[in-house]
Amino acid sequence: MRRAVRHPLLVFAIACCLHGVALAQNQRPPTTPPAPVSPAPPQASASLPPLKDPATVDQIREYLRLSGDLDSYRTRWIAAVDKNRSIGAPYWPESFWTDLKAEMGKTDLMPLFVTLYQHAVSRELMQEVLDTYHRWGAVLFKISPATLRLGAAQAAVSDDQNKLTLANTLEITERVYTIHKPEIMAARARYPAEHPDQVGK
């Protein structure tokens, strides 16, 4: 039973991850996600050791605050849920989607980005980025050499970002599913009789 339930959740989480990351890479140069530090997804983050002299947590917080990437990532991440709702079984209630998006909205993503940035961005590079941001402002920053260097560092860990995003999405989806499981299973049992033309769903 656990196996059958996990499959659609995994497919859904992967689809949301891919959709969200595709958007992230197509909008604004060095783009990255959202807000305040608890542990990052253990399985995914364990294989991402920090650089010898990584960007500090304070530097990362400051960059994310200046760039607005925290909020923009969260917005895209949640929007990906709506883009992929068709993957979910038709008997999943509206309350499941509402609760899922609410959980994503309050999830602490800062640990994920500290892990990612400390694996990819040095303290020196991040300081250059911050100095450029403060000196040139947001608009000119986007065409600065610092932006190109930061973008290259981010591109090098795009697969790692996908893994971290997937781990977060799956963990949250499974948690919300567990809450709604009795309701979903009851609807699932009724579905074949109510929709005889939808065999196999």
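The values are calculated or read from the model by the stated rules, or taken from the named source; none is laboratory data. A quick note: this is a predicted structure, and the numbers were derived from the prediction, not measured. No Cβ is skipped: glycine too gets one built from the backbone with ideal geometry, and neighbour counts run over all protein chains shown. Ligands, DNA and RNA are excluded from the accessible area calculation, which covers all protein heavy atoms including side chains. Shrake-Rupley method; radii C 1.70, N 1.55, O 1.52, S 1.80 Å.
For segment 77-90, check the following and say yes or no: at least one residue is closer than 27 Å to Ile60 by Cβ and in contact with a Pro (Cβ under 8 Å, 6 or more places away or on another chain).
yes
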* Asked: Restricting segment 106-152 to residues that are open to solvent by less than 40 Å² (accessible area, probe 1.4 Å), outside any loop (DSSP other than H, G, I, E, B) and among the β-branched types (Val, Ile, Thr), which is nearest to Val57 (Cα to Cα)?
  -> Val114
* Structure fact -> In the set Pro36, Pro30, Pro41, the lone residue that is open to solvent by 30 Å² or more (accessible area, probe 1.4 Å), at pLDDT below 55 and not aliphatic (A, V, I, L, M) is Pro36
* **segment 154-180 - residue that is open to solvent by 40 Å² or more (accessible area, probe 1.4 Å) and either of a type in the set (A, V, I, L, M, F, W, C) or not in a helix (DSSP H, G or I) (or both) and, of those, modelled with the lowest pLDDT** => Leu166
* segment 78-102 - residue that is more than 17 Å from the chain's Cα centre (by Cα) and assigned to a helix (DSSP H, G or I) and, of those, farthest from Tyr177 (Cα to Cα) -> Ser86
* **Pairs, first among the small types (Gly, Ala, Ser) in segment 162-175, second outside any helix (DSSP H, G or I), C-beta under 9 Å, six or more apart** => Ala167/Ala40; Ala167/Pro41
* **Unique match (being at pLDDT 95 or above and open to solvent by 40 Å² or more (accessible area, probe 1.4 Å)) among Glu103, Glu183** => Glu103
